[in-house]
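For reference, the structure is listed below as structure tokens.
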Amino acid sequence: MKGQNILPQFRFLSYTVVRSIKYQFLLLLLTLLICPTITHAKSIDLENEKDTVMAKRDTLERNNGELPLSENKDGLSRPRFETIHLQFGIGGTVANFSDLDRLGVDKSNVSVPLSLYTYIPFQRSRPGFFLLSGADVNLLDANNFAFKMLLLYQTRPGILFGLGAARTSYVYGEAVNIEADQTQGLLALGINLSPRRVDLLLTLPLASSLETRFEQNNYSIRPAGVQVSLLFSLR
């Protein structure tokens, strides 16, 4: 009985070993066929890389035999690249809450938004197209905030323009309870005041006012307003 139980297990083990050897042989054969191609390709890349390095060395080397990128003794301009980073901003917004005066709500139409955006460039060498995404929080009233996303383009003279979208929210809960949310498109215009450092950005909301009826009276507010922001790059 023991011999009969061991024999099927031995056959299964033998079959597994033979199959593994066959797969290993096929893998080895495939590797031998591919290796010459890889080796040849690597040798070409290395030769091209050597030629490129030598060309750069001939172009950048100074009379004293030093490369200017090792230490900027000659006052040469360093290469700069666009990278993902944060932008911090502060500005002003003019909205419209004048109808709330009839409800006893003392709400100013002017707010001071504090902005924090993520800057995502699509080009490495110069600003060009980039994406701004983040939030604005009103320093005078934390219940007034907005989330924004802008696709912008910066021209070589430093002019900014683009389109985007935003979600603006306003909450009030003292004399009466008011909750208002508005989704709108955005038109953005601006100028770069300092290369890769400071931007002045103007956003115009593309949305109508919000209207509601309360105690047989019509009320209209506009939480999303024209905003001017001074943005500073944090990098």
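Checking each residue in segment 99-113 for being in a strand (DSSP E or B) and among the polar types (S, T, N, Q) picks out only 111.
Of all residues in segment 197-214, those satisfying the criterion of being open to solvent by 50 Å² or more (accessible area, probe 1.4 Å) and not aliphatic (A, V, I, L, M) are 197, 208, 211, 212, 213, 214.
As for segment 125-135, it holds no residue that is among the basic types (Lys, Arg), free of Cβ contacts under 8 Å to residues at least 40 places away in the same chain and not in a strand (DSSP E or B). For residue 172, the criteria (1) modelled with pLDDT of 85 or more; (2) assigned to a strand (DSSP E or B) hold in every case but one, which is (1).
Among the residues of segment 162-175, those that are more than 23 Å from the chain's Cα centre (by Cα) and open to solvent by 50 Å² or more (accessible area, probe 1.4 Å) comprise 171, 173, 174, 175. The residue of segment 81-134 that is nearest to residue 232 (Cα to Cα), among those that are among the acidic types (Asp, Glu) and surrounded by 13 or more Cβ atoms within 10 Å (Cβ to Cβ), is 82.
Looking for whichever is of a type in the set (A, V, I, L, M), farther than 17 Å from residue 89 by Cα and loosely packed, with under 15 Cβ neighbours inside 10 Å here; the options are 178, 159. Which one fits?
On the way: 178 fails: loosely packed, with under 15 Cβ neighbours inside 10 Å.
From the options 178, 159, the qualifying one is 159.
The values are calculated or read from the model by the stated rules, or taken from the named source; none is laboratory data. Here the structure is a predicted model, which means the values were calculated and not measured. With ideal geometry, Cβ positions are generated from the backbone for all residues, glycine too; neighbour counts draw on all protein chains shown. Ligands, DNA and RNA are stripped out before the accessible areas are found, and what is left, the full protein with its side chains, is counted by its heavy atoms. Shrake-Rupley method; radii C 1.70, N 1.55, O 1.52, S 1.80 Å.
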